[in-house]
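Everything below concerns the one structure shown next.
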Amino acid sequence: MAAPGRALGPFARFFADLGPGLVAGAADDDPSGIATYSVAGASFGYGLLWTALFSFPLMAAVQLMCSRLGMVTGRGLASVIRHRHPRWVLWGACLLLTFANVINIGADLGGMSDAMQMTTGINALVWTPVFAAVLILLLFRTTYRSIASVFKWLTLVLFAYVATAFLAKADWGQVLRATLIPEMAWSRESLAVLVGILGTSISPYLFFWQAAQEVEVERAEGKNTLAKRRGATDEELGRG
């Protein structure tokens, strides 16, 4: 944090602003996602690399909308739905989110436990409740802001992908071609992997987390009115 009265430089301001978007984006690279991408690579080689370019604008657009909803309204996504739509819409969204989250969390716990079993030799069934207990403790004992401050630094491990790309000695011509020219084998296996990639890339819990984190940050900065919040347009300010 900068000293009182001291203006932050452009780079310092950039890194200070990193938080909700960075953490939500990095959280998308979860254990279930890593497992899905590993299956895609092992089964189809470079064939599904184009899905990265295809899914990125979709994911970015949804994340941006959720972020601005949180910034402007000062509410999480569920609260916005409750204030703007009938109750059945809210309950439907929450039930679908709960269902998707249970499956996603189960896959993540399984992925982390299997990785620890490979590393330590201790059965994955031992690690699953350990990871679950740690997550529950973090949820009830910490805030979004404190979790985000730690996770922001943990995102540095994503640079391991850059190193791995060079260490793997990939055929860069094939990589570029598969990324820019979509190809699809219309089989049950390829469609299942495609659905898995899109599902793990554009995860419902990220929408709610993104909006909630923005609200936490705005409140921590004392931006409790519409006029003080970032991202508010003249039209939105007029409605406030």
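What the table shows:
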item: Looking only at the range 189-211, and only at residues there that are modelled with pLDDT under 80 and part of a helix (DSSP H, G or I), the one that is farthest from ASN104 (Cα to Cα); result: GLN210
item: Filter pass, PHE151 being modelled with pLDDT of 75 or more, surrounded by 10 or more Cβ atoms within 10 Å (Cβ to Cβ) and in contact with a Leu (Cβ under 8 Å, 6 or more places away or on another chain); result: no
item: Those residues of the range 120-134 which are surrounded by 10 or more Cβ atoms within 10 Å (Cβ to Cβ) and over 20 Å from the mean Cα position of the chain (by Cα), in sequence order; result: THR120, ILE122, ASN123, ALA124, VAL126, TRP127, THR128, PRO129, VAL130, ALA133
item: Within the range 65-114, tally of residues that are among the basic types (Lys, Arg) and touching an Asp or Glu at 6+ places or on another chain (Cβ under 9 Å); result: 1
item: Pairs where the first residue, in the range 57-82, is without any contact (Cβ under 8 Å) to a residue 24 or more places away in the chain and the second is surrounded by fewer than 18 Cβ atoms within 10 Å (Cβ to Cβ) and of a type in the set (A, V, I, L, M), C-beta under 6 Å, 6+ apart; result: ILE81/LEU90; ARG82/LEU90
item: Condition check for ALA178: of a type in the set (Gly, Ala, Ser), loosely packed, with under 13 Cβ neighbours inside 10 Å and not in a loop (DSSP other than H, G, I, E, B); result: no
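One line per residue, one yes/no per condition, for (1) at pLDDT below 85; (2) assigned to a helix (DSSP H, G or I); (3) surrounded by 14 or more Cβ atoms within 10 Å (Cβ to Cβ):
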residue: LEU90; (1), (2), (3): no, yes, yes
residue: ILE103; (1), (2), (3): yes, yes, no
residue: LEU109; (1), (2), (3): no, yes, yes
residue: ASP114; (1), (2), (3): no, yes, yes
residue: MET118; (1), (2), (3): no, yes, no
residue: ILE136; (1), (2), (3): no, yes, no
residue: LEU139; (1), (2), (3): yes, yes, no
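The values are calculated or read from the model by the stated rules, or taken from the named source; none is laboratory data. Not measured: the values here are computed from a predicted model. Heads up, the Cβs are rebuilt from the backbone with ideal geometry, glycines too, and the neighbour counts pull from every protein chain shown.
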